[in-house]
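A.B. asks: I am attaching a structure below and will ask some questions about it afterwards.
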Amino acid sequence: MKLHNTTASLKAKFTIDEGEGSYDDCKSLFEDGITNSGVYTVNPDGGTPFKVYCDMETHGGGWTVFQRRQDGSVDFYRYWTDYENGFGDLTGEFWLGLSKIHRLTKEGSNTLRVDLGDFDNNTAYANYSTFSVSDGSTEYILTVGGYSGTAGDSLGSYHNGRRFTTRDNDNDLRSGINCAQQWAGAWWYNSCHYSNLNGRYYKASPEYGKGINWRTWTGYDISLKFSEMKTRRNN
């Protein structure tokens, strides 16, 4: 796996409103012969179309990317409304938005892939054959399982079934503490985390557990350089 870890390299890819939202997702685009990675407009459920970044290269292509960290240019320590609606730059660092992730995953069966990289250019990935996010009425509950990969399971084993928590909306299981405030992020915290991919971006000397962490690969003392979360329909 090659890390797309610079904004310039991503902006060199296609940016196009292919079909004006006539495609459900990036897999639909890929199956129609559109194989350049870049920004496209999709409409998974007949609602309002929205733009996404499509990864057409990794592991068979057709991935709809919903999170990327690569350089610390975007502040991820944000509020509920930000995480619900999305923020950042689709060709750089961004969070697509919980409401859009729900729309992408509410029907059928979906796979989640998490690509990770450290500052020594080591890479790892986690693949989950089951993935969906519920709607806002239930605080976007995460359903994830069926792990395979090289990074170890720091998501399904501890965060499956959890509601999303931000600094201003505490839905975790930790009594008396908001895990998002405690660990400077926003996540499907349990009590609190094995992974924290929306934590602070540290280029050196990270605080324990407050960085971009994936416990089963690099523990809590190392904050990662790169993370990318993406989903693809299984059928």
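Derivation of every value follows stated rules applied to the coordinates shown; laboratory data play no part. It should be emphasised that the depicted structure is a prediction, and the values quoted were computed from it without experimental measurement. Here the Cβ positions follow ideal geometry from the backbone for every residue, glycine too, while neighbour counts run over all protein chains shown.
A.B. asks: Please compute the net charge surrounding LYS27, taking Lys and Arg as +1 and Asp and Glu as -1 over other residues with Cβ under 12 Å from its Cβ.
C.D. replies: After counting each charged neighbour, the total is -2.
A.B. asks: So what's the gap between the Cα centers of segment 163-187 and segment 79-147, to the nearest angstrom?
C.D. replies: 17 Å
A.B. asks: Mind ordering 134-141, 77-84, 226-233 by average Cβ neighbours within 10 Å, highest first?
C.D. replies: On the way: 134-141: 14.8, 77-84: 18.5, 226-233: 22.6.
The peptides rank, most packed first, as 226-233, 77-84, 134-141.
A.B. asks: Would you mind checking which residues have amide H under 5 Å from TYR23's amide H? H placed 1.01 Å from N; only 5 or more apart, or other chain.
C.D. replies: ASN43
A.B. asks: Taking amide H positions as placed 1.01 Å from N in the peptide plane, with prolines and chain starts having none, which residues 5 or more places from ASN110, or on another chain, fall under 5 Å of its amide H?
C.D. replies: Result for ASN110 returns PHE131, ASN234.
A.B. asks: Follow-up. In sequence order, what are the phi-derived ³J(HN,Hα) couplings for segment 114-126 according to the Karplus relation 6.51 cos²θ - 1.76 cosθ + 1.60 with θ = phi - 60°, rounded to whole Hz, with x for glycine and proline?
C.D. replies: 10, 9, 10, x, 9, 7, 9, 6, 7, 10, 7, 9, 10
A.B. asks: Using the Karplus equation 6.51 cos²θ - 1.76 cosθ + 1.60 (θ = phi - 60°), what ³J(HN,Hα) coupling, rounded to whole Hz, does each residue of segment 168-184 give in order, writing x for Gly and Pro?
C.D. replies: Rounded to whole hertz, the list is 10, 8, 8, 10, 7, 9, 7, 5, x, 9, 8, 4, 5, 5, 4, 10, 6.
A.B. asks: Check cross-link reach from LYS27 to the aspartates and glutamates: straight Cα distance under 16 Å, and skip same-chain residues fewer than eight apart.
C.D. replies: ASP17, GLU18, ASP45, ASP55, GLU57, GLU107
A.B. asks: Mind sorting out which of (i) 18.5, 58; (ii) 16.6, 49; (iii) 16.4, 52 is the real Rg and Dmax of the Cα atoms in Å computed from the coordinates?
C.D. replies: Label (iii) holds the value from this structure.
A.B. asks: Hey, fewest Cβ within 10 Å first, where do THR130, THR111 land in order? Write out the running numbers ahead of the final one.
C.D. replies: Working: THR130 16, THR111 19.
By the 10 Å Cβ count, ascending, the order reads THR130, THR111.
A.B. asks: Ok, one more. Which ³J(HN,Hα) values, rounded to whole Hz and listed in residue order, are derived for segment 67-74 from phi using the Karplus coefficients 6.51, -1.76 and 1.60 in 6.51 cos²θ - 1.76 cosθ + 1.60 with θ = phi - 60°, glycine and proline given as x?
C.D. replies: Ordered by residue, 3J(HN,Hα) equals 8, 8, 10, 8, 8, x, 6, 10 Hz.
A.B. asks: Determine the shape class of segment 123-170: with a ≥ b ≥ c the square roots of the Cα gyration tensor eigenvalues, call it rounded for a/c under 1.5, and otherwise prolate if a/b is greater than b/c, oblate otherwise. Could you put the intermediate results ahead of the total?
C.D. replies: On the way: a/c = 2.98, a/b = 1.88, b/c = 1.59.
Prolate, because a/c is 1.5 or more and a/b exceeds b/c.
A.B. asks: Further question on the same structure: Taking the chain as a whole, which cysteines find no other cysteine Cβ under 4.7 angstrom from their Cβ?
C.D. replies: Among the cysteines of the chain, none has its Cβ 4.7 Å or more from every other.
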